[in-house]
Amino acid sequence: MKELRRIGVAINDDLLGKFDKLIAGRGYTNRSEAFRDLIRNEMVQEAWKSADSEVFGTVTLVYDHHTRLIMDKLTELQHQYHSAVLSSLHVHLDHDNCLEVILVRGKAPLVQKLSNALIAAKGVKHGRLTVTASGHDLP
Ligand code: NI
């Protein structure tokens with residue numbers, strides 16, 4: 001681990017109080033770790049805005065597998081963007097509904113395009129892209 005440097009942050013009581021409450025609710029035991037995570041999160045968001053960044057993420061989909069052609073459509077999209085798909089997990093939630101989590105990787109615009117297409121597929125009830133990064137650019 002790299003050496004840590006101490007910095008001073010000027011912040012008003014109201015904002016600090018709210019921040020402490022927020023991070024306590026999320027299970028942080030100290031402010032420093034919470035600040036570091038906030039900064040890293042901003043760096044990941046920034047990487048996703050850059051066309052050249054190699055990014056990682058997960059696309060979570062919930063759909064009714066009885067919807068006409070939905071399975072074909074989701075498979076077709078993953079083959080179309082096969083270089084961006086690392087793996088997928090399918091869980092049969094109940095008689096009708098499926099949960100699918102697709103692990104994606106690649107240049108941000110390509111991964112975003114794939115994710116948008118999957119989420120917009122007819123019959124997907126809920127879809128969400130969770131963005132992250134490889135970690136090697138995150139000190
Ligand atoms: Ni299923």
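Looking at (1) more than 16 Å from the ligand (Cβ to nearest atom); (2) of a type outside the set (Gly, Ala, Ser); (3) within 20 Å of Leu129 (Cβ to Cβ); (4) surrounded by 12 or more Cβ atoms within 10 Å (Cβ to Cβ), find the lone condition where Asp20 falls short.
With respect to (1) more than 16 Å from the ligand (Cβ to nearest atom); (2) of a type outside the set (Gly, Ala, Ser); (3) within 20 Å of Leu129 (Cβ to Cβ); (4) surrounded by 12 or more Cβ atoms within 10 Å (Cβ to Cβ), Asp20 is out only on (3).
Is it true that Thr75 is touching an Asp or Glu at 6+ places or on another chain (Cβ under 8 Å) and either assigned to a helix (DSSP H, G or I) or under 30 Å from Asn41 (Cβ atoms) (or both)?
Spelling it out, it is not the case that Thr75 is touching an Asp or Glu at 6+ places or on another chain (Cβ under 8 Å) and either assigned to a helix (DSSP H, G or I) or under 30 Å from Asn41 (Cβ atoms) (or both).
Within the bounds of segment 55-71, is there any residue that is exposed (fewer than 13 other Cβ atoms within 10 Å of the Cβ) and within 14 Å of the ligand (Cβ to nearest atom)?
There is at least one residue in segment 55-71 that is exposed (fewer than 13 other Cβ atoms within 10 Å of the Cβ) and within 14 Å of the ligand (Cβ to nearest atom).
Identify all residues within segment 28-72 that are part of a loop (DSSP other than H, G, I, E, B) and under 24 Å from Ala108 (Cβ atoms); write none if there are none.
Within segment 28-72, Ser50, Ala51, Asp52, Ser53 qualify.
I'd like the full set of residues that are part of a loop (DSSP other than H, G, I, E, B) and under 25 Å from the mean Cα position of the chain (by Cα), limited to segment 4-26.
Scanning segment 4-26 gives a single hit, Arg26.
Tally the residues that are surrounded by 13 or more Cβ atoms within 10 Å (Cβ to Cβ) and part of a strand (DSSP E or B), restricting the search to segment 115-127.
The total comes to 2.
Looking only at segment 78-103, filter to residues that are outside any helix (DSSP H, G or I) and farther than 17 Å from Val62 by Cα; which one of those is nearest to the ligand (Cβ to nearest atom)?
Within segment 78-103, the match that is nearest to the ligand (Cβ to nearest atom) is Val85.
Can you spot a residue in segment 99-114 that is buried (at least 18 other Cβ atoms within 10 Å of the Cβ), in contact with a His (Cβ under 6 Å, 6 or more places away or on another chain) and at negative phi?
yes
Computed from the coordinates by the stated procedures, all read-outs in this text should not be read as laboratory data. This one's a predicted model, so the numbers in the text were calculated from it and none came from an experiment. For neighbour counting, all protein chains shown are included, and Cβ atoms are generated from backbone atoms with ideal geometry for every residue, glycine included.
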